[in-house]
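Step one of this worksheet: look at the structure below.
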Amino acid sequence: MSDHRPADVHFAVLGSLEVRAGGARIRLGGPISERVLATLLLDPGRVMPIGRLVEAAWDDEPPATAAHQVRKAVADLRQRIPDGGRLIVTEGAGYRVAVAPERLDLSLFALRLRQARAALDAGRPLDVARELRAALDLWRGPVLSGSGGTAIASASAVLEERRLTAVEQLIEIRLALGESGELVGDLRELIAAHPLREAPRGQLMLALYRSGRQAEALAEFGRVRELLVEELGIDPGPRLTRLYEAILRDSPELAPPEPPAPPRPATPWAGPAPVTGTPGWPKAAPGSMAGAGAPAEPAAGGPVADAETATGTGPEAPAKPGPGFPGGPWAGGGDTDSAAIAGAPWAEGRASSVVGPDRIPESRYLPHPHIGSRDRNRG
């Protein structure tokens, strides 16, 4: 049996293409090699035909020797990257990269989003926010810094849409957790970069309203309506319009969520612990802080005690979200094709998000998508 251990090589495509071994950046050669490697890394584990790699490297005007140059670039990459022969695998008339998920930022991004979805489904909003922040922290800019040619630019646009959707999801979770004025600056910056997206506009309106700035919230709707009419000849969507009407009438549905119930108090100290190893007692010494570093989720059901509680089957399963987190099933559910792009959460009357290869549908924590829900339920 071989005792070969993979080289400590890490790949980053969410920004400029970087390959690092032992912390040192590896020079990859010219732009053809970079585009070939980036194309393989954008779809890890999948065989990429030579023709696709040629298209990614030269767009619509490849030279007669393009296929040969791609093979030469692959051979050069295998020489430059430690253990490159194992990382870039030949299969049939194409190549694929065999890279562990923890060594590729794109795979880590998708993993964090899956974990955010699982936390959302389990009713752990703080964990959702933590996972989304970790996913967004992986981004350093557009794929290949926007210099990758038409094919890579198309993939970069898909990934950028997922990043923006994750940003919007994080803001909605923060709104549901009671933040408001703290979000105004970030939302204005997001809107300046993407003025036609309705989701950030609605989030800004809600944040302003909850900060006691009703007039500014109403004025924001007027600005986006004017922009949409001027640029696209359309009015704001029904969700944004319902939010405007709710702000206008000072609807109680827009009130900030109630704070989550505090964690269940710890059991009072009953004197020195029994001898280490006694059943039912931790091995920590009396008065120690063992386990104190673990984050406590402020949920009404108290801390998770065992596997049954964690899965919602035990006697102490977490309570359902309280008044601050309106209920509601996931919209859409399931996975989607990795190339699919969902509309903004305010579009078409529901919050639909495609982030990484997985869909994070409408959040059960978000108060504003449920504006007018009574009217919808009557139908």
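Observations on the model:
- Computed E for E102/A75 - FRET, C-beta separation, R0 30 angstrom, nearest 0.05: 0.65
- In Hz, Karplus ³J(HN,Hα) per residue of region 90-95 (6.51, -1.76, 1.60; θ = phi - 60°; x = Gly, Pro): 8, 9, x, 9, x, 9
- By a 1.4 Å probe calculation restricted to protein chains, E253 has an accessible surface near 60 Å², given to the nearest 10.
- Amide hydrogen proximity for L104: with H placed 1.01 Å from N in the peptide plane, the residues at 5 or more positions away or on another chain lying under 5 Å are F11.
- T65/E230 FRET efficiency (R0 45 Å; Cβ-Cβ; nearest 0.05): 0.35
- Sum of side-chain charges, R20 neighbourhood, beta-carbon under 12 Å (Lys, Arg +1; Asp, Glu -1): 0
- Local electrostatic count at P44 - Lys and Arg +1, Asp and Glu -1, tallied over other residues with Cβ under 10 Å: +2
- D83-S147 FRET efficiency (beta carbon distance; Förster radius 22 Å; 0.05 resolution): 0.20
- Neighbourhood charge, 15 Å Cβ-Cβ cut-off, centred on E160 and excluding it, Lys, Arg +1 and Asp, Glu -1: +1
- Mean sequence separation of contacting Cα pairs (under 8 Å, at least six apart), scaled by the length of region 58-150, corresponds to a relative contact order of 19 percent.
- Solvent-accessible area, 1.4 Å probe, carbon plus sulfur percent, for region 29-74: 48 percent
- All-pairs Cα distance distribution in region 79-227, expressed in whole percent, bin size 10 Å: 10, 29, 31, 18, 8, 4, 0
- Extension gain (nm, one decimal) between A134 and L218, 0.36 nm per residue minus Cα-Cα: 26.9 nm
- Region 1-155 - convex hull of alpha carbons, volume per residue in Å³: 140 Å³
- In the context of the full set of protein chains, region 26-98 has a per residue accessible area of 52 Å² (1.4 Å probe).
- Under the Karplus curve 6.51 cos²θ - 1.76 cosθ + 1.60, θ = phi - 60°, whole-Hz ³J(HN,Hα) for region 30-45, x wherever Gly or Pro sits: x, x, 5, 4, 5, 5, 5, 5, 4, 5, 5, 6, 6, 9, x, x
- Amide proton proximity set for M48, modelled H, under 5 Å, gap of 5+: Y95, R96
The values are calculated or read from the model by the stated rules, or taken from the named source; none is laboratory data. As the structure is a computational prediction, the values presented were derived from the model and not from experiment. All Cβ positions, even for glycine, are placed from backbone atoms using ideal geometry, and neighbour counts span all protein chains on display. Keep in mind that these areas ignore ligands, DNA and RNA; they rest on the heavy atoms of the full protein, side chains included. Shrake-Rupley method; radii C 1.70, N 1.55, O 1.52, S 1.80 Å.
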